[in-house]
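Undergrad: Here it is, the structure, as structure tokens.
The values are calculated or read from the model by the stated rules, or taken from the named source; none is laboratory data. Quick caveat, the model's predicted, so the values are computed rather than measured. We place every Cβ from the backbone using ideal geometry, glycine too, and count neighbours over all the protein chains shown. Side chains are part of the model used for accessible areas, which takes the heavy atoms of the whole protein and leaves out ligands, DNA and RNA. Shrake-Rupley method; radii C 1.70, N 1.55, O 1.52, S 1.80 Å.
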Amino acid sequence: MQRSARGPASWRFSPGQLKLDAGGTITAHNRGGEFHTFTRVAAFGGGCVAPLNAALGLTPVPECAIPGILATTGAAPGGSVRTSPLAAGTYRFQCLIHPWQKATVTVR
């Protein structure tokens with residue numbers, strides 16, 4: 001997770017696309033000054049913050065309804081979050097607070 005000096009509109013996951021060997025994990029480091037999540041989602045969409053979704057014209061992803069999801073996939077400023085080992089496939093991760101932050105991971 002990375003934040004640009006230009007402000008929230010330029011916050012992004014870096015890299016936005018990643019290739020990984022099967023069984024590997026990802027550790028997402030929050031280098032910004034705000035809380036972010038690195039949440040696996042079935043499809044990209046809106047996050048859990050209604051005013052941001054409204055401004056962006058997005059519908060929340062179903063994962064927002066999972067109890068405790070922000071606590072289990074989130075990282076405070078300077079913190080990190082790690083995925084479990086990933087099997088072969090394509091995975092999508094996004095911040096459930098800032099839904100424009102997203103990454104696609106291809107595991108082989």
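Undergrad: Within segment 57-82, restricting attention to residues that are part of a helix (DSSP H, G or I) and among the hydroxyl-bearing types (Ser, Thr, Tyr), which residue is least open to solvent (accessible area, probe 1.4 Å)? Walk me through it before giving the result.
TA: The first filter runs over segment 57-82 and keeps only residues part of a helix (DSSP H, G or I), leaving 62-65, 69-73.
Among the residues that remain, those that are also among the hydroxyl-bearing types (Ser, Thr, Tyr) are: 72-73.
Values: Thr72: 99, Thr73: 21 Å².
Going through the qualifying residues, I end up with Thr73.
Undergrad: Could you say whether any residue in segment 27-44 is of a type in the set (Gly, Ala, Ser), open to solvent by less than 20 Å² (accessible area, probe 1.4 Å) and modelled with pLDDT under 95?
TA: So the first thing to find is which residues in segment 27-44 are of a type in the set (Gly, Ala, Ser), and the list is 28, 32-33, 42-43.
Filter again for open to solvent by less than 20 Å² (accessible area, probe 1.4 Å), leaving 28, 32.
Applying the additional criterion that residues be modelled with pLDDT under 95 yields 32.
Within segment 27-44, one or more residues are of a type in the set (Gly, Ala, Ser), open to solvent by less than 20 Å² (accessible area, probe 1.4 Å) and modelled with pLDDT under 95.
Undergrad: What number of residues in segment 1-23 are open to solvent by 50 Å² or more (accessible area, probe 1.4 Å), closer than 16 Å to Thr90 by Cβ and either modelled with pLDDT under 55 or not in a loop (DSSP other than H, G, I, E, B) (or both)?
TA: Number satisfying all stated conditions: 3.
Yes/no per residue for (1) under 12 Å from the mean Cα position of the chain (by Cα); (2) surrounded by 10 or more Cβ atoms within 10 Å (Cβ to Cβ); (3) more than 19 Å from Ile26 (Cβ to Cβ):
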{"residue": "Val49", "(1), (2), (3)": "no, yes, yes"}
{"residue": "Ala55", "(1), (2), (3)": "no, no, yes"}
{"residue": "Ser84", "(1), (2), (3)": "no, no, no"}
{"residue": "Gln101", "(1), (2), (3)": "yes, yes, no"}
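Undergrad: Looking at (1) hydrophobic (A, V, I, L, M, F, W, C); (2) assigned to a loop (DSSP other than H, G, I, E, B); (3) touching a Leu at 6+ places or on another chain (Cβ under 9 Å), find the lone condition where Ala87 falls short.
TA: With (1) hydrophobic (A, V, I, L, M, F, W, C); (2) assigned to a loop (DSSP other than H, G, I, E, B); (3) touching a Leu at 6+ places or on another chain (Cβ under 9 Å) applied to Ala87, the lone miss is (3).
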